[in-house]
Amino acid sequence: MNHDKTGRNAQRILLHAQHIADPIRYPEDASPASSLITISDEGPSTPSPSSFLKRFSPAAVQNFFSKHKRRDDDFDSPQPKPAKRQYRTTDSETKLVVGMPELIGFHQYLYDLDRFKIYTPLSLFTNANFRSLNRNAGSLSLRKINPLETRAKPPQVLDTDAFQKRHTKEEDLVFHLWLEAARNF
């Protein structure tokens, strides 16, 4: 086998040198070394159709695809109009009047801290922090904790450290804020 490859390489080198010397007389070029893959001069052989494809005649294939063609009248029919977008109405919302007292209540985040027995700092119970918690609950940072049951989704609770960094820390409460938070607790 190596002897055959050496002979073919010699022929290729000669053919390549002749092509470089006179490309018009020797238009066929060859690489100077043969590859490990040999392609016969007979041309590419077509693979035989698989047993699965032999089951289908050309008429059966045409019949199958003719069933799934779109009819010409489908192109002429108008496309259905998309449904009009429904906008949210504000009828059920509570109207706020200037000077009306704000309702301050416990947010679900505070209940979750108590339910999972996580320390809740007293600074969360000031009126200003109640308002901030109720107004900005969607944008506050949360953290995942270990679930109580096995293979349960980890619950998310309020990240009290991040809330205290942004608002009042428990250690920085002055006397009147401490009294206000103690009454709300």
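The values are calculated or read from the model by the stated rules, or taken from the named source; none is laboratory data. Bear in mind that the values here come from a model prediction, so they are computed numbers and not experimental data. Virtual Cβ from ideal backbone geometry, glycine too; neighbours counted across all protein chains shown. When the accessible area is computed, the model is the full protein with side chains, heavy atoms only, and any ligands, DNA or RNA have been set aside. Shrake-Rupley method; radii C 1.70, N 1.55, O 1.52, S 1.80 Å.
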Problem - Identity of the residue in the range 101-130, surrounded by fewer than 13 Cβ atoms within 10 Å (Cβ to Cβ) and hydroxyl-bearing (Ser, Thr, Tyr), that ends up modelled with the highest pLDDT - result: Tyr119
Exercise for the section: Among what's in the range 131-144 and is open to solvent by 30 Å² or more (accessible area, probe 1.4 Å) and part of a loop (DSSP other than H, G, I, E, B), pick the residue that is modelled with the lowest pLDDT. Expected result: Asn136
Exercise for the section: Tell me which residues, restricted to the range 145-164, are out of contact with any helix residue (DSSP H, G or I) (no Cβ under 8 Å at 6 or more places or on another chain) and either open to solvent by 60 Å² or more (accessible area, probe 1.4 Å) or closer than 17 Å to Pro121 by Cα (or both). Expected result: Asn146, Leu148, Glu149, Thr150, Arg151, Lys153, Gln156, Asp159, Asp161, Ala162
